[in-house]
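The values are calculated or read from the model by the stated rules, or taken from the named source; none is laboratory data. Being a predicted model, the structure only gives us computed values, none of them experimental. For neighbour counting, all protein chains shown are included, and Cβ atoms are generated from backbone atoms with ideal geometry for every residue, glycine included. Note: accessible area is taken over every heavy atom of the protein model, side chains too, but ligands, DNA and RNA are not part of it. Shrake-Rupley method; radii C 1.70, N 1.55, O 1.52, S 1.80 Å.
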Amino acid sequence: MSQDTEHKNNSQSDTIVDKRLMTDADNRECSAKDGLADNENDRRNISNSNSATLGSIDTTETLKDEDFSEEISQQDRETIKKVANDDNMSQAKSYASILVEQVMDAKETFERSLGSLFTSAFTAGLEIGISFFMILSAFALLSGVLPSHYALVLASLLYPIGFIVVVIGQSLLFTEQTSLLSLPVLNGIEPLTKLLRLWGIVIAGNIVGGCLFAALMVGLGLNMQLFSASDIDAYAEHILGFRWWVIFGSAILAGWMMGMTAWLVTSARDTLSRIVLVSLITGSIGFLGLHHSIVGNIEIFSALLYGNTVSFWRYLLFLAVVLIGNTIGGVVFVAVLKNRTFLFEIRKVKEQTAETKTKIDDSRL
């Protein structure tokens, strides 16, 4: 296949040539013979040869054959690399580039030691508690001058604080990582049993960290008179005061939105954009009063320890329902649908490549 034809195929799969590499190629051409200065094919050859050696920001630069499942053919691997190519900083990341980056990050998480996973998840459980601590303090302050309902809504605007700390600090939070960690399994790279074990470690770390935060920091807040036991009970009833199927549906929506947070954070190219995205989505979760398993664990466990309305059985039932709902929302509505869209895109590129190859073979006859 000629270099010109290969360029057309790459164009059909929405692959964009890095402008910096093109500039480098142009500079090298200027030093060549005058007769080659306007030769488009030579410039393409130089750009293609440099792309394999120069350090670039290409998302798939570290994507190697061993990163794929053995069941994936070599042709499919090359197609995925083409579709996921994304090295133009002036434009938004491509759909495929985001998904491939998430798969690679998830694969790295699978390779981490159990101690590293639990410690990171434990840290996230502690950090996410900052949201509840701030919300509860604001609620106690506002409830003295506003009706309880308005005080809850205004206090919920502080909901993103803990999530910003967790996401930007790259700690392992179950709901934010649910869809991310399932992608290698959906693509046949990792087994389901390994995913379930990983989820178990992350959930355990988040819950233990959250319970420790509730025991220490919420107790500290009580002694500092930032809020009272009645404030803790009132907020817990705000979370628990629904039928189980309502909580379950709310948890699915919250899991969906957290999965979208992971997707959008990956699409962002700078930290400021990521902070804005996390703030908007998690702020919406807090404003709507949706049920998040890890934050909810701290909210209800605090009421179990220091309040008078929550029993241990009620706490466990709530945690189980919300965990299942968050998982469904993150995996089904984000990972599965996004992955299916990516597979359809790969199929389209393969069909276009096959059609082009057929036309070339016919033209040579």
* Asked: Has segment 285-303 got any residue that is at pLDDT below 95 and open to solvent by 70 Å² or more (accessible area, probe 1.4 Å)?
  -> yes
* Could you list, in sequence order, all residues of segment 110-121 that are assigned to a helix (DSSP H, G or I) and either open to solvent by less than 40 Å² (accessible area, probe 1.4 Å) or of a type in the set (Ser, Thr, Tyr) (or both)? => Phe110, Ser116, Leu117, Thr119, Ser120, Ala121
* To do: With the condition kept exactly as written, say whether any residue in segment 136-152 is open to solvent by less than 30 Å² (accessible area, probe 1.4 Å), modelled with pLDDT of 95 or more and under 19 Å from the mean Cα position of the chain (by Cα).
  => no
* **Subset of segment 306-333 (residues that are within 18 Å of the chain's Cα centre (by Cα) and buried (at least 18 other Cβ atoms within 10 Å of the Cβ))** => Leu323, Gly325, Asn326, Thr327, Gly329, Gly330, Val331, Phe333
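Yes or no, residue by residue, for (1) in a loop (DSSP other than H, G, I, E, B); (2) within 24 Å of Phe163 (Cα to Cα); (3) modelled with pLDDT of 55 or more; (4) among the aromatic types (Phe, Trp, Tyr):
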residue: Ile80; (1), (2), (3), (4): no, no, yes, no
residue: Gln91; (1), (2), (3), (4): yes, no, yes, no
residue: Ile98; (1), (2), (3), (4): no, yes, yes, no
residue: Glu101; (1), (2), (3), (4): no, yes, yes, no
residue: Glu108; (1), (2), (3), (4): no, yes, yes, no
residue: Thr123; (1), (2), (3), (4): no, yes, yes, no
* Which one of the conditions (1) under 30 Å from Val331 (Cβ atoms); (2) not in a helix (DSSP H, G or I) does Leu146 fail to meet, given that it meets all the rest? -> (1)
* If you go through segment 207-220 one residue at a time, do you hit one that is farther than 17 Å from Val295 by Cβ, free of Cβ contacts under 8 Å to residues at least 24 places away in the same chain and under 21 Å from the mean Cα position of the chain (by Cα)? -> no
